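K.L.:
Once you've had a glance at the structure underneath, I'll fire off some questions.
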Amino acid sequence: MIEGLRHILFPEVCVVCRKLLEKGEHQICSTCFGDFNRYPRADAGGNALRKTILSHFGLSAVPAEAWCLYPYHRNGKLHDAMHALKYEGIFPLGTLFGRKLGELIQSTGKGAFDSIVPVPLHSLKRIERSYNQSEKIAGGVAEVLGSPLSTMCVERSIFTGSQTGLTLAARRKNMDGAFRPGRNSIKGRVLLVDDVLTTGATMVAAATTLLETGAESVAFAVVAFTEKE
Ligand SMILES: [Zn+2]
C-alpha cells in the first residue's frame, strides 16, 4: 500500500531512457535491461576476458574462474547506465547489477567464496565521488551468494588517474605498484569484483597483491567487458 502510494507520488524514471518505471522496476526499465545484450552463455563473458588477460599478461595472470554479464561498447544504453552508476551518483544501480552478476555466478554452481572483494578506489577519488561503484556491485554479488563482503584488505597505493585513453604499455606502467595490502587480512577463495574490464591491468594488479597477502585463489567478476571495436 505505502509502496504503491510512493510510486504514484514520486514516480521514478528509467536512468537510461527516462520513461516512467513500472511497479516492481528499479532504476532501469525492463526494455532497457533487455537491450543490454547479455552474453549468450553463462561462461562466454568470463572466457572472453580470460583470453584478453592471457594475451596481455601471460598465463600466470589468468584467473581460474571469471564471470561477466555484458560485452561493452563505448556508446549505447549500457554505456549510459555505467556512466550513471560511476559519475551521476546513481549507486543503487551497482547493487542491481551486482545481484544479476551474483545470479550468473550462482547459475554456474561455483558461488562458494570466503570473501567478495571490490577493486578499491584511491581514497582521494573516493572522497571526490563519495562512493566506490565496485563496492556497490560487490555488495549485490555478496547478497546473492551469501558470502561476506571484504573491504580494506587491498588498497591503492598511488593515485593512478584514469586509465581511459592510455595505450596498453602506458596502462601497465600506470598500474605498477598501484596496490598494497590494506589493514584487513585476507585468506581462502576470493572473488574480486569491478565494473568494467578493458585489458585487465587493474584487476591483475589487485589480484597479485591479494595473492601475496594470503588469498588462496582469486576469481574475477565484472559487469562488462570492453570488446575490441
Ligand atoms: Zn529504459
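The values are calculated or read from the model by the stated rules, or taken from the named source; none is laboratory data. The structure presented is a predicted model; accordingly, all values stated were derived computationally and were not measured. Cβ coordinates were reconstructed from backbone atoms using ideal geometry, including for glycine residues, and neighbour counts include every protein chain displayed.
To keep it simple, each residue is scored yes or no on (1) away from the ligand (no atom under 13 Å from the Cβ); (2) within 22 Å of R129 (Cα to Cα); (3) part of a helix (DSSP H, G or I); (4) at pLDDT 90 or above.
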{"residue": "E3", "(1), (2), (3), (4)": "yes, no, yes, no"}
{"residue": "C32", "(1), (2), (3), (4)": "no, no, yes, yes"}
{"residue": "R41", "(1), (2), (3), (4)": "yes, no, no, yes"}
{"residue": "L49", "(1), (2), (3), (4)": "yes, no, yes, yes"}
{"residue": "I53", "(1), (2), (3), (4)": "yes, no, yes, yes"}
{"residue": "P63", "(1), (2), (3), (4)": "yes, no, no, yes"}
{"residue": "P71", "(1), (2), (3), (4)": "yes, no, no, yes"}
{"residue": "H83", "(1), (2), (3), (4)": "yes, yes, yes, yes"}
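K.L.:
I would also like to ask the following. Need pairs with beta-carbon distance below 8 Å; first residue more than 20 Å from F91 (Cβ to Cβ) and within the stretch 12-37, second buried (at least 17 other Cβ atoms within 10 Å of the Cβ) and modelled with pLDDT under 90; sequence gap 6+ or separate chains.
P.N.:
none
K.L.:
I need the full set of residues from the stretch 95-134 which are surrounded by 15 or more Cβ atoms within 10 Å (Cβ to Cβ), in contact with a Phe, Trp or Tyr (Cβ under 8 Å, 6 or more places away or on another chain) and part of a helix (DSSP H, G or I), in order please.
P.N.:
L101, L104, I105, K125, Q133
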